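What follows is a single structure, written as structure tokens, with notes after it.
The values are calculated or read from the model by the stated rules, or taken from the named source; none is laboratory data. Every value quoted in this text rests on a predicted model; they were computed, and no experiment measured them. Positions of Cβ are backbone-derived with ideal geometry, glycine not excepted, and every protein chain shown enters the neighbour counts.
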Amino acid sequence: MLTKDFYSTILSQTFSPCGNYLIAGDTYGRISVFNLSKIVQTDVVLNKEDLTPRNKITINENGQINSLLSTPSFLLVGVSDILGYNWKTIKSTTVQKPQPDWRIEIPNRKDSFENADINVMIHDKEKNHIFIGCGNNNIYVFDLETRRLLKTLNKHTDYLHSLCNNGTDLISGGEDGVVNLWDIRTYKLTNKIVPHSNEAVARPELGKWIGGVSANEDYILCGGGPKLSLWHYRFLTNSTVFPINDRGIHVAEIHKEKILAGGKSRLFYQMSFVGEIVAEIAVSAVTTYSIAHQEHPFNTLCLAGSSPKIDVCANFMYKNQQLSLY
Amino acid sequence: MVKEDNSSNIKKKRKLANPKTESESDIYKKVVEFEEKESFNRQGSVDAELYFDLCTDIRNLLTEVFNLKQSDPNSKKLKDIQTEIFIKMCLIKKLNRIDKIRHVYGKETLSTEKQKCDSIKLNYQNLVYELHHLVTETNKCLAFKSKDEDIELVPFEEFMKEAPEDVSKKFSNYDENDRDQKHSLRLARLEWELMQRKNLAQLCKSLIEEQKKLEQDLVERKEKLNALRPLLMNIIDSTKPLQEHLDMSLKEMRVDHKLAYLLPDPLYIFYVNVVSYKSVNGLDLTVEIVGEEDEAVQWKECGKNGNFLEEESDEQEQEVEEIVEVKKRRHRKSMQVDPMEEKKKKLLEQHPLKVRIQANLPDGFSLVVFYSYQTRLKIITVASETVLPSNVTGNCAKDVLNGENLLSELIEGDTGLESPNPITKFQIKKVGFASFRSLVPQIGYAYNWAQKVCGMDFLNKKMNSDEVGGTNIEKVLKILFERLESRRALAEQLQLLEQNLLPKLPDCIDYHVNFVCSLTKWCPVTYQKYCQSEFTKMLVEDELVAPSDAFYALNITRGNAVLEALIVIKNNYPQDVPMFSLCIKYNGVYHSDNDDEIRDMERLLNVDIGDKSSSLLSIQIARLQSYFDVYLETTDSKVFPQTVTFIRNVSGRNRKKPLKYCNAGNGIFTQ
């Protein structure tokens, strides 16, 4: 019998602070909790139960879970509001209907009769701030301590896909095809890149949207409708266009001198800054929407997207294990 | 010797002389008599002495002669002596004669004595023989066993008690050692026994007569009863007009019920259950028993049910023989009936009666199901046909309404292609059939539910024993009618689809009305073709489709964009939603394996359709058309001008298209 699980799509993933659990949020408004500690052991024979969620929590039956954020004491779930769940309730398999400990409501724009999606959440650990990229074109900054809105950044003309904090700046990419750079201290728009206006990276048949942004001190990585490309931070000029075969980038990240990228492609790529492909990982998903990685307590890279399966790589080079939502 | 000869001569002379003269013979006779007397009176010993004396005298005389001759040869004396000697010789002769006669006489006496002795001996032997005979006779007598010894007599005490006194009295002081008394007691007891037996025999005779009388009585009564039947029939016949007048169909029912008794047990259970369920719930259902009544009567009489096992073993023996025979006659085998064939035929024997059920739907569509009982395989098989109203013309529609198709998987996984009886496997193997599946066209489908409604239960993994019999009837009939209804609805939809028309949808369903795209093709495809298609891979890999399902191809076009859909319709439509696999050909080939939007469309169609009404397929196709419009208009709005209303053409991290229709205002599509 064909069930809706067959068509489930995972949009967000995160690890618990201890690193033993993987939490995945899907389009049916559910979060699934996987126990990783057994899966990463290479000498253990796994049965089906080990590879399926130890528990599932339905957060919102009518909306998809676009983003998840792990903080030391709470799991933040982005639906139309930000819901804060105590880790205990998440890990518990006995609680019948887990309730959030608190929620932060997103101020609605007046002309919209829809609740805004929370597409991306990132955590500034130093200040204990969170940056929220929303479906209503705004970026909100909240103090996690007081849960008060600190600032609204409203220069995007379409909804946000991706955010990145490199310590000094906040980089945001959205459906409008613009990569904005904001100063964290002043929350002022300092600069912007418009990749789809650059002929070398533009792919008009796929659109102008930016699905993923990432940055370190020297480079900005972005991709989406336009090809995945690396830009100089200082000069905002294009330095590398990555030669990968995709029909839209949804995930792009600079990780330890390597570029991780995935999207509408059956491969997930690991590349060097100059554009050499280091590794290609065949993924189960039609489109990769989410990656999550950690080094402690064990090296894990989890790739998920439009598939009920999550691919787990221990060495970031090839698929070791496959988790399944059902 | 010479002398004897002489005498014999004399005798002869005498005999010859006899007839000549009487006197002469008399002389002879006298002489003979005299001589005989003489010899008789003389003593032999005296004669012997006389003879010896004579002989000595002769010798002496002879010596004298000799002496004389020597001294004086011419003496006178010689002459005297000679005379003397002659006299003496005559004497000897006389003696001889007497002796002879005496000898004859002796012989004669000896022979008479001998004869006497013989007769005495004979007498003696007769006596000995007689004695022997008598001894054996007595032995026989002694050995003789009288029948009376075998007769069981009443014990002595009882005899004394029950016999009349004049018989028993004399034995009141009976002494066992007295032979005579013992014998007479025995006689008396035997006589008493005889008397009693005679009495009993008479009693028996009288009882037998009584029995005969009663039997006759019975026969008479039976005849009367038999005569009653035509009378009753007459009465029933005469009530017919009244029945007709009152609209009662008792007669047919009676006929049917009479047949029902001839049904094999499983079919009988089913018949009774279904008739009673029908009469309670007032379904439009016709139940009939069809088949040869006579055969069924025969079948019932043979009681084939009971001695089936024996036959089986007989068969095995026969088989051995047959094998031997076949070996012998191998070269002639082709001429003869193959024993295997014969056995195959035997195995597939059906009960002559079948139960026919006709379920009618309002618009002239009806389903006819024949239930038959496989007497050897011991299972119920089902054959079915459908009566279609004349307006059903489409091929797909007809296919869907095909009887076998209709009944398949009434209950999940019940295709009827496997025998529910675990024994069947071995039975068909024994006679050399390949598989039960291959027999299905011949004998019909062996659905599990068919066994269940007939109260047959097999040791099978899936069945629960408490679901047997009557309780199932209701369930199965309900499912059957639901299935009929949904199939009819499906057929209607398919017929329209074949003409590339979208069937009319129920009013309560929200859907976008004004499609720009249009249906261009609807046709059935084979399972193989379905599996070969690239975009059905996921469903096939997950084993969500089975060869028993129905497969169709649908094309929707708008401009130069084509949407190809392969559709699986399960037998239990609409419980299991028809599954769509989509492929859009526009600027490339996109399907759920390389495009999220198409995957999302499939999700909405296959698992998110909501209400499962019988027009589900049409609803799905209507939705699909709107999805295609939205897809094209959001992807390439320059080529495909916007005709639908939506707020955002994409939203969310996954850039979802606004496929969901919302009946607000003029109708709006959201994500």
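Of the residues making up the range B:575-585, not a single one is within 14 Å of chain A (Cβ to nearest Cβ), in a helix (DSSP H, G or I), under 54 Å from the mean Cα position of the chain (by Cα) and without any contact (Cβ under 8 Å) to a residue 60 or more places away in the chain. Of everything listed in (1) within 14 Å of another protein chain (Cβ to nearest Cβ); (2) in contact (Cβ under 8 Å) with a residue 60 or more places away in the chain, the single unmet condition for B:Leu505 is (1).
Residues of the range A:164-206 that are of a type outside the set (Ser, Thr, Tyr), out of contact with any His (no Cβ under 8 Å at 6 or more places or on another chain) and at positive phi: A:Gly167 alone. Have a look at B:Thr415, B:Thr393, B:Thr424 and point out the one that is touching a residue at least 60 places away in the same chain (Cβ under 8 Å) and buried (at least 16 other Cβ atoms within 10 Å of the Cβ). Of the residues listed, the single one that is touching a residue at least 60 places away in the same chain (Cβ under 8 Å) and buried (at least 16 other Cβ atoms within 10 Å of the Cβ) is B:Thr415.
State all residues of the range B:258-277 that are crowded, with 20+ Cβ neighbours inside 10 Å and not in a helix (DSSP H, G or I); if no residue qualifies, say none. Passing the criteria: B:Leu262, B:Leu263, B:Pro264. Residue pairs whose Cβ atoms lie under 6 Å apart, separated by 6 or more positions or on different chains, with the first residue in the range B:592-603 and under 14 Å from B:Thr634 (Cα atoms) and more than 7 Å from chain A (Cβ to nearest Cβ) and the second of a type outside the set (Lys, Arg) and in a loop (DSSP other than H, G, I, E, B), are B:Ile598/B:Ser592. With respect to A:Lys91, determine if the residue is charged (D, E, K, R), touching a Phe, Trp or Tyr at 6+ places or on another chain (Cβ under 9 Å) and within 26 Å of A:Ile130 (Cβ to Cβ). Answer is yes for this residue.
Looking for whichever is away from every other protein chain (no Cβ under 13 Å) and touching a strand residue (DSSP E or B) at 6+ places or on another chain (Cβ under 7 Å) here; the options are B:Asn555, B:Asn560. Which one fits? Break it down stepwise before answering.
Numbers: B:Asn560 fails: touching a strand residue (DSSP E or B) at 6+ places or on another chain (Cβ under 7 Å).
Result: B:Asn555 is the single residue among B:Asn555, B:Asn560 that is away from every other protein chain (no Cβ under 13 Å) and touching a strand residue (DSSP E or B) at 6+ places or on another chain (Cβ under 7 Å).
For B:Asn606, the conditions (1) under 60 Å from the mean Cα position of the chain (by Cα); (2) away from chain A (no Cβ under 11 Å) all hold with the exception of (2).
Name the one entry in B:Lys212, B:Lys240, B:Lys169 that is without any contact (Cβ under 8 Å) to a residue 24 or more places away in the chain, basic (Lys, Arg) and either within 30 Å of B:Glu288 (Cβ to Cβ) or touching a strand residue (DSSP E or B) at 6+ places or on another chain (Cβ under 7 Å) (or both). None of the other options fit; the residue is B:Lys240. Among the residues of the range A:81-93, are any closer than 23 Å to A:Arg147 by Cα, under 20 Å from the mean Cα position of the chain (by Cα) and within 14 Å of chain B (Cβ to nearest Cβ)? The answer is no, given that none of the residues of the range A:81-93 is closer than 23 Å to A:Arg147 by Cα, under 20 Å from the mean Cα position of the chain (by Cα) and within 14 Å of chain B (Cβ to nearest Cβ).
Checking A:Val251, A:Val274, A:Val312, A:Val278 one by one, the residue that is surrounded by fewer than 17 Cβ atoms within 10 Å (Cβ to Cβ) and outside any loop (DSSP other than H, G, I, E, B) is A:Val278 and no other. Each residue in the range B:36-59 was checked for being under 15 Å from B:Glu84 (Cα atoms) and surrounded by fewer than 12 Cβ atoms within 10 Å (Cβ to Cβ), and 2 of them qualify. Checking B:Cys531, B:Cys517 one by one, the residue that is more than 14 Å from chain A (Cβ to nearest Cβ) and surrounded by 19 or more Cβ atoms within 10 Å (Cβ to Cβ) is B:Cys517 and no other. Applying the criterion of being on the phi < 0 side of the Ramachandran plot and part of a loop (DSSP other than H, G, I, E, B) to the residues of the range B:530-544, the residue that is nearest to the chain's Cα centre (by Cα) is B:Leu544.
Restricting B:Ser613, B:Ser618, B:Ser548 to residues that are of a type in the set (Gly, Ala, Ser), more than 14 Å from chain A (Cβ to nearest Cβ) and in a helix (DSSP H, G or I) narrows the list to B:Ser618.
What number of residues within the range A:257-270 are surrounded by fewer than 22 Cβ atoms within 10 Å (Cβ to Cβ) and away from every other protein chain (no Cβ under 14 Å)? Working first, answer last.
Let us first name the residues in the range A:257-270 that are surrounded by fewer than 22 Cβ atoms within 10 Å (Cβ to Cβ), namely A:257-258, A:266-267, A:270.
From the residues that got through so far, the ones that are away from every other protein chain (no Cβ under 14 Å) too are A:257-258, A:270.
Residues flagged as surrounded by fewer than 22 Cβ atoms within 10 Å (Cβ to Cβ) and away from every other protein chain (no Cβ under 14 Å) within the range A:257-270 amount to 3.
Scan the range A:183-200 and tell me whether some residue there is more than 26 Å from A:Lys125 (Cα to Cα) and within 14 Å of another protein chain (Cβ to nearest Cβ). No; the residues of the range A:183-200 include none that is more than 26 Å from A:Lys125 (Cα to Cα) and within 14 Å of another protein chain (Cβ to nearest Cβ).
Only one residue in B:Asp72, B:Asp47 is closer than 20 Å to B:Phe34 by Cβ, over 60 Å from the mean Cα position of the chain (by Cα) and acidic (Asp, Glu), so which one is that?
Details: B:Asp72 fails: closer than 20 Å to B:Phe34 by Cβ.
Residue meeting the stated conditions: B:Asp47.
Of the residues making up the range A:15-31, those that are away from every other protein chain (no Cβ under 14 Å) and within 14 Å of the chain's Cα centre (by Cα) are A:Phe15, A:Leu22, A:Ile23.
Enumerate the strands (runs of 3 or more DSSP E) found wholly within the range B:278-385, keeping only those where 1 or more residues are modelled with pLDDT of 80 or more and among the acidic types (Asp, Glu).
Details: elements: B:285-291, B:350-360, B:366-374.
Ranges flagged: B:285-291.
Scanning the range B:461-475 for residues that are touching a helix residue (DSSP H, G or I) at 6+ places or on another chain (Cβ under 8 Å) and either at pLDDT 80 or above or loosely packed, with under 14 Cβ neighbours inside 10 Å (or both) yields B:Lys462, B:Glu467.
Could you tell me which residue of the range B:635-671 is nearest to the other protein chains (Cβ to nearest Cβ), considering only residues that are assigned to a loop (DSSP other than H, G, I, E, B) and of a type in the set (Lys, Arg)?
Of everything passing the filter in the range B:635-671, B:Arg653 is nearest to the other protein chains (Cβ to nearest Cβ).
Yes/no matrix, rows are residues, columns are (1) in contact (Cβ under 8 Å) with a residue 24 or more places away in the chain; (2) farther than 23 Å from A:Ile122 by Cα; (3) more than 14 Å from chain B (Cβ to nearest Cβ); (4) crowded, with 17+ Cβ neighbours inside 10 Å:
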| site | (1), (2), (3), (4) |
| --- | --- |
| A:Trp231 | yes, no, yes, yes |
| A:Arg234 | no, yes, yes, no |
| A:His255 | yes, no, yes, no |
| A:Val286 | no, yes, no, yes |
| A:Ser307 | yes, yes, no, yes |
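Can you tell me which of A:Leu11, A:Leu2, A:Leu22 is part of a loop (DSSP other than H, G, I, E, B), touching a strand residue (DSSP E or B) at 6+ places or on another chain (Cβ under 9 Å) and surrounded by 14 or more Cβ atoms within 10 Å (Cβ to Cβ)? Lay out the reasoning, then the answer.
Values: A:Leu11 fails: part of a loop (DSSP other than H, G, I, E, B); A:Leu22 fails: part of a loop (DSSP other than H, G, I, E, B).
On inspection, the qualifying residue turns out to be A:Leu2.
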